[in-house]
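Visitor: Mind having a look at this structure? Questions to follow.
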Amino acid sequence: MGFYLLLQKTLKVSKFKKKFIEFLKLVFPSTGIEFIILLFFLVVYGCLGSYIAIHYKIIFDSRIPWDAYFSFDNKSIVMTGGSFERHPLSYYFFKRIRQLGLLFSDGKMDGNFRFALAWFSNIAVSMSIVQVFKYLKNIIQLPLFICILLILFLGSFSTTILLSFTPENFTYTFLLLTLFNYYSALKLRKDQKIPALALVFSGIGIGGLTITNIAKVFVPVAFEKDVFKSWKKFGNAVFRIILTCICFIILYLNRIHFKYDNIFSKTNEQYEKFSNVNSTPIWDMILSYFFGGNVLFSNFIVTDRNNMQGYKYKGLLMDVYSSWIPYLFIATLLVLVFLSYFRNFRNKLVQILIISFLLDIIIHCVMRFGLHTSFIYGGHFVFVYPLLIGWLFNSYKNSPKTLSGLMVIFCILFAYLVINNYLRMVEFFSFLNTYY
């Protein structure tokens, strides 16, 4: 009997050890090329963020709560985690981020504090890009050269550049969403269900940072094998979703001391504030801000701001595109995305990406919530572009001529993206030199 118990205990330890190793391989780089990719982006983004943190105050200035650049709420997010109705649990997350930053800066909110904040963001964005690479290499199984091109393409987006040094909810949502998409794709490819515990933690983490994203956690569950053909599997899926919702709601209500009336009043107030902007045609905001601004920097506008306490400062915003070339760029990118969807219509992993993307389209383009500043929400969906293009390339792997043509188009887009965003970042630094 003693030997049997010892054997059983050893097997449990071995199983736990195996699960832990699998978790580490899932989250962190597990191959040489993945370590190189992580190191590359850490260095590139690290140099950018470190220089901005050391020489300028724009990443964090205690006098500026919001809108110093592109409507990011740096100080507000770092100090409070943001509004509870949109970011219900981020208060707890940013409390730890703030404590770690202050530990690094000996309790002072100075250049060292900004440096720490920038590097936390750098690590999150660089890890996100590694997750996208893993998806391209292990799920879509693209050649290494194409995988690297696609992550360099993603790494040059306006969203990834800005989030790499910006302490914001979207920065960490970017990491959690890319990680969950890769994890769920691994499970579905093996015809496995997403465990209840993983779903609960994903729902709390992703939905806690931005509440609307919790719906994306449930999308892969609908594509589990035979989930709608077996009452047992359907019931199990419903149980996991309800369990996740219950855990999330309890934590949410606890965060606001169970004063649930505040949720409705504050949510309505935020919706009215961020959805009633009519200064620009809707179609232009959709193209320039929602689809375009997350990828391709547009023109910049310098605005006058104040912190409601007498301190005046300058802010930087994106304008709509002023040339036909960026519109052509975005139109071509969207054509590639739609072509990928139609080419891979029966692919459940592609359906998951599109449905998740569609949720953002409904929220920002149809409901118009934050449409005029939707270029800051890119962390919620911008990774979908390289993944869908990757699926498009994969669908033409047996048609070399068509694939070559698509690669030419992609390389032209890539070249224009790099040149445009580099020149815009030069303008951004000119703004920093003038005002910060």
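Visitor: With charges only on Cβ, +1 for K and R and -1 for D and E, what is the dipole size of region 287-378 about its Cα centre, in debye, rounded to 20?
Guide: 200
Visitor: Right, something else. Taking the alpha-carbon set of region 36-195, what are its Rg and Dmax in Å?
Guide: Here Rg and the maximum Cα pair distance are 16.9, 52 Å.
Visitor: Given H placed on each backbone N at 1.01 Å, which residues far from residue 316 in sequence or on other chains put an amide H within less than 5 Å of it?
Guide: HN-HN under 5 Å from residue 316: 69, 70, 71, 303.
Visitor: Then there's this: Counting Lys and Arg as +1 and Asp and Glu as -1, each charge on the Cβ, what is the dipole of region 26-435 about the Cα centre in debye, to the nearest 20?
Guide: On the way: 35 positive and 19 negative charges, 239 e Å.
Dipole magnitude for region 26-435 comes out near 1160 debye.
Visitor: Which helices pass in the chain if a helix is a full DSSP H run, must span at least 18 angstrom along its long axis by Cα, and must have mean Kyte-Doolittle hydropathy not below 1.0?
Guide: Numbers: long enough: 2-27 (38 Å, 0.36); 32-55 (34 Å, 1.98); 90-104 (21 Å, 0.27); 111-134 (34 Å, 0.89); 169-189 (30 Å, 0.51); 196-209 (20 Å, 2.04); 231-255 (36 Å, 1.05); 261-275 (21 Å, -1.49); 324-343 (28 Å, 1.77); 348-361 (19 Å, 2.04); 400-435 (51 Å, 1.10).
Answer set is 32-55, 196-209, 231-255, 324-343, 348-361, 400-435.
Visitor: Whole angstrom only: what separates the Cα centroid of region 243-259 from the Cα centroid of region 183-219?
Guide: Result: 18 Å between the Cα centres.
Visitor: May I pose another question? Can you give me the relative contact order of region 13-114 as a percent, contacts being Cα pairs under 8 Å and 6 or more apart?
Guide: Working: 69 pairs, mean separation 17.4, N = 102.
Dividing the mean separation by the residue count of region 13-114 yields 17 percent.
Visitor: Continuing with this model, one more query. Convert 20 °C to kelvin, take the viscosity as 1.002 mPa s, use the Kirkwood radius over C-alpha pairs of region 26-435 as Rh, and evaluate the Stokes-Einstein diffusion coefficient in µm²/s, rounded to a whole number.
Guide: Details: Rh = 22.0 Å.
The diffusion coefficient I find is 97 µm²/s.
Visitor: Could you tell me which of rounded, prolate or oblate describes region 112-195, using a ≥ b ≥ c as the square roots of the eigenvalues of the alpha-carbon gyration tensor, with rounded for a/c under 1.5 and, failing that, prolate when a/b is larger than b/c and oblate otherwise? Could you put the intermediate results ahead of the total?
Guide: Numbers: a/c = 3.19, a/b = 1.58, b/c = 2.02.
Oblate, since a/c reaches 1.5 and b/c is not below a/b.
Visitor: Would you calculate the separation in nanometres between label points at residue 43 and residue 414, each defined as 7 Å from the Cα along the Cα-to-beta-carbon direction?
Guide: 1.9
Visitor: Within region 216-230, name every residue whose backbone N is under 19 Å away from a label modeled 7 Å from Cα of residue 26 along the Cβ vector.
Guide: Counting only backbone N, you get 216-225.
Visitor: Label-point separation (nm) for residue 325 and residue 17, each offset 7 Å from Cα along Cα-to-Cβ?
Guide: It is 5.9 nm.
Rule-based calculations on the coordinates, nothing more; no lab input. Predicted model, so just to flag it, every value in this text is computed and none were measured. We place every Cβ from the backbone using ideal geometry, glycine too, and count neighbours over all the protein chains shown.
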